[in-house]
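A.B. asks: One structure follows; several queries about it will come next.
The values are calculated or read from the model by the stated rules, or taken from the named source; none is laboratory data. This is a predicted model, so every value here is computed, not measured. Counting neighbours? That spans all protein chains shown, and the Cβs are built from the backbone with ideal geometry, glycine included. Please note that ligands, DNA and RNA were not included when accessible areas were found on the heavy atoms of the full protein model with its side chains. Shrake-Rupley method; radii C 1.70, N 1.55, O 1.52, S 1.80 Å.
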Amino acid sequence: MSDADSSTSASLTEGEGGQGGRPAPSMSSFSSSLRAVVRIKQKYLAMKRRRQEAALLGLGPEGAPLGAPGRTSPRIFTFDGLTPFSPNVPQKKKKKRRKKVLYPPGGGRRAPPKQEHSRAKYCLYLLCAIVFLQVYNAIENLDDHVLRYDLEGLEKTLRREVYGQQGAVDGLLSHLKDYLSTYVHNKPLVVSLHGPSGVGKSHLGRLLAGHFRSVVGETLVLQYYVLHHCPREADAPRCARDLSALVSETVGRAEEEEKIPLFVFDEAEHMHGEILDALLQLVAAGRSNEHLNAVYLLLSNLGDRHVTRHVLHNSSGAAAGRQGNLARELTPTLRDSLGQLHPLWAEAELLPLGLLEKGHVMECFLEEMTREGFYPDHTNIERLAGEIEYYPEVGGRQYSKTGCKQVVAKVNLL
């Protein structure tokens, strides 16, 4: 022990002896506190000496070698001393250990089999591209054909200059649009217009021929008048041969130019049997390819009684203005009656033309007077229209017996 410890213990002994055994309750509590202080001080000094000796010998605070984990008392966690995280400081990535690949015994390393690409896929792509180009080219060709024949201009002309026959005009334009939209056909287009005299059959044929002359040329349009080209029945065989040669020559010329010709046969009711047979051979299916691209227009008053009877019997207020239904209602009847005359009519698209009303006749007078240079006086037009013969009034409508056939003659008398 040190000198301080000995002196302290001596003083404590003297104090206890000097008291002579007198009870001192206050001193007992004081002495216990003093002894506790002394013991704490002694422990502190002893621990201090051990640390100093351990430092000299290279041992840890608990007698263990330096660097060895020692037993420590639990510590209280605080945020003091922690450094804030800096994103700029590069973090060391932990290297992942590659897993060892196990191969089958005796097999060694084997390359995976290569997948063979089928060539059929490329053929399919090529086929799709070819089909697309063909469809696109077909659409372009349709537009080119329609524009070549200027069907919109034809429609405007027919609607402006043909009176009272809107149903027949619509049917004719529909057939032409369907046929002229392409150059490949399996049979020619044969359209036959039927109706009473003076309803506008010849006028419509002249308008159509004039339009085709302007779009395909003069040489590819033929207007054949039976009473003019072949008036005698004895010449019918020769006329049939000449007609067949003329049609074949025109079709061949059109084939070279890649155009579709037009053949108009007016007054077809006067055609002889040989001429009808020749036309049937030209338009019937099964002919050579060069005869398939052509348009035949037949103008006839055959079946005029069926048309007149149907129009007069269906002129009530409920059935008025149904010109669009005239072809649908009359076509079966006309086909049956015409089929008994010659097989040619079975190959044709039949379009009936109805009777003209008094208002249509007045429009014919107005157009003819304007063309001849007369002043179109309404009173004078009504007077001229009143001189035309009409059927008895039916359903508030007056139908002309001769249509506009006498209009030109009456205007020339002015």
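A.B. asks: Per residue, how much accessible area does segment 121-237 show when a 1.4 Å probe rolls over the protein heavy atoms, in square angstrom? All intermediate terms of the calculation are to be shown ahead of the outcome.
C.D. replies: Working: 6240 Å² over 117 residues.
On a per-residue basis, 53 Å².
A.B. asks: Now for a separate question. In segment 237-283, carbon and sulfur make up what percent of the accessible area (probe 1.4 Å)?
C.D. replies: Carbon and sulfur atoms account for 45 percent of the accessible area of segment 237-283.
A.B. asks: From the phi of every residue in segment 212-221, what ³J(HN,Hα) in whole Hz does the Karplus formula 6.51 cos²θ - 1.76 cosθ + 1.60 yield, where θ is phi - 60° and glycine or proline is x?
C.D. replies: Here the 3J(HN,Hα) series is 5, 4, 6, 10, 10, x, 5, 6, 9, 10 Hz.
A.B. asks: With all distinct Cα pairs included, what does the Kirkwood hydrodynamic radius of segment 203-264 come out to in Å, to one decimal, could you say? Could you put the intermediate results ahead of the total?
C.D. replies: Details: mean 1/r = 0.0797 Å⁻¹.
Hydrodynamic radius (Kirkwood, Cα pairs) of segment 203-264 is 12.5 Å.
A.B. asks: Right, here's the next one. Considering only the other residues whose Cβ falls under 12 Å of the Cβ of L57, what net charge follows from Lys and Arg at +1 and Asp and Glu at -1?
C.D. replies: Values: positive: R50, R51; negative: E53.
Counting the neighbours of L57, the net charge comes to +1.
A.B. asks: If you don't mind, another one. Cβ neighbours within 10 Å, averaged per peptide: list 122-129, 295-302 in order, most packed at the top.
C.D. replies: On the way: 122-129: 10.1, 295-302: 22.2.
Averaged packing, sorted descending, gives the order 295-302, 122-129.
A.B. asks: Once the Cα atoms of segment 195-301 are picked out, what are the Rg and Dmax in Å?
C.D. replies: Gyration radius and largest Cα-Cα distance of segment 195-301: 13.7, 39 Å.
A.B. asks: Provide the packing ranking of 262-268, 368-374, 47-53, i.e. peptides ordered by the mean count of other C-beta atoms within 10 Å per residue, highest first. Walk me through the numbers on the way to the answer.
C.D. replies: Working: 262-268: 23.0, 368-374: 13.6, 47-53: 11.3.
Packing proxy ranking, top to bottom: 262-268, 368-374, 47-53.
A.B. asks: At a probe radius of 1.4 Å, what is the per-residue accessible area of E382, in Å² to the nearest 10?
C.D. replies: Probe radius 1.4 Å; accessible area of E382 about 90 Å².
A.B. asks: In whole angstrom, how long is each semi-axis of the equivalent ellipsoid of segment 144-239, when you take the square root of 5 times every eigenvalue of its Cα gyration tensor and sort them from largest down? The partial results should precede the final answer.
C.D. replies: On the way: eigenvalues 124, 71, 35 Å².
Working through the eigenvalues yields semi-axes of 25, 19, 13 Å.
A.B. asks: Let me ask another. Could you tally the net charge around I388, taking each other residue with its Cβ under 12 Å from the Cβ of I388, Lys/Arg +1 and Asp/Glu -1? List each step's numbers first, then the result.
C.D. replies: Details: positive: K358, R383, K401, K405, K410; negative: E357, E382, E387, E389.
Neighbourhood net charge equals +1.
A.B. asks: Can you compute the equivalent ellipsoid semi-axes for segment 326-414, i.e. the square root of 5 times each eigenvalue of the Cα gyration tensor, sorted largest first and rounded to whole Å?
C.D. replies: Details: eigenvalues 226, 49, 21 Å².
Working from the Cα gyration tensor, I get semi-axes of 34, 16, 10 Å.
A.B. asks: For the ranges 234-240, 39-45, what's the packing order if you count other beta-carbon atoms within 10 Å of each residue, average per peptide, and put the highest first?
C.D. replies: Numbers: 234-240: 16.1, 39-45: 11.3.
Ranked from most to least packed, the peptides come out as 234-240, 39-45.
A.B. asks: Give me the net charge for the shell around L127: Cβ to Cβ below 15 angstrom, other residues only, Lys and Arg +1, Asp and Glu -1. Provide the component values of the computation, followed by the final result.
C.D. replies: Values: positive: R119, K121; negative: none.
Spelling it out: positives minus negatives among the neighbours equals +2.
A.B. asks: Moving on to the next point. Determine the distance separating the Cα centre of segment 144-173 from the Cα centre of segment 264-283; give it in Å without decimals.
C.D. replies: Centre-to-centre (Cα) distance: 25 Å.
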